[in-house]
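The values are calculated or read from the model by the stated rules, or taken from the named source; none is laboratory data. Here the structure is a predicted model, which is why all the values come from computation and not from measurement. Neighbour counts run over all protein chains shown; Cβ positions are idealised from the backbone, glycine included.
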């Protein structure tokens with residue numbers, strides 16, 4: 001068994017980075033992701049998911065431990081409607097490295113709180 005470390009560049013998704021006032025009045029740097037435009041889907045209890053696929057690298061670069069590149073797995077109807085050029089140009093969102101050793105247990109997920117735009121951020 002092995003561990004896998006994954007790094008995702010969220011700025012590669014459709015997003016806006018801006019400052020928002022936090023709960024204690026301090027400006028906080030935020031990344032705002034539109035749900036539909038990024039093909040996120042809602043699960044139980046308000047959980048939001050981003051489907052990803054890791055592709056094994058054919059050639060590994062010296063000095064770099066990455067074993068896979070990570071791209072978004074789009075809904076079937078969206079993927080089928082894309083041209084071959086659009087499919088090839090989907091952005092690489094990150095990378096993954098498979099490490100030897102025991103697999104550590106995964107953690108649970110919690111839903112992000114829904115925020116009304118006029119309200120201060122809850123953090």
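Going by the structure shown, is residue 78 touching a residue at least 24 places away in the same chain (Cβ under 8 Å) and loosely packed, with under 12 Cβ neighbours inside 10 Å?
For residue 78, the condition - touching a residue at least 24 places away in the same chain (Cβ under 8 Å) and loosely packed, with under 12 Cβ neighbours inside 10 Å - is met.
Just one of 85, 118, 62 is loosely packed, with under 10 Cβ neighbours inside 10 Å, modelled with pLDDT of 90 or more and either over 22 Å from the mean Cα position of the chain (by Cα) or part of a loop (DSSP other than H, G, I, E, B) (or both); which is it?
None of the other options fit; the residue is 85.
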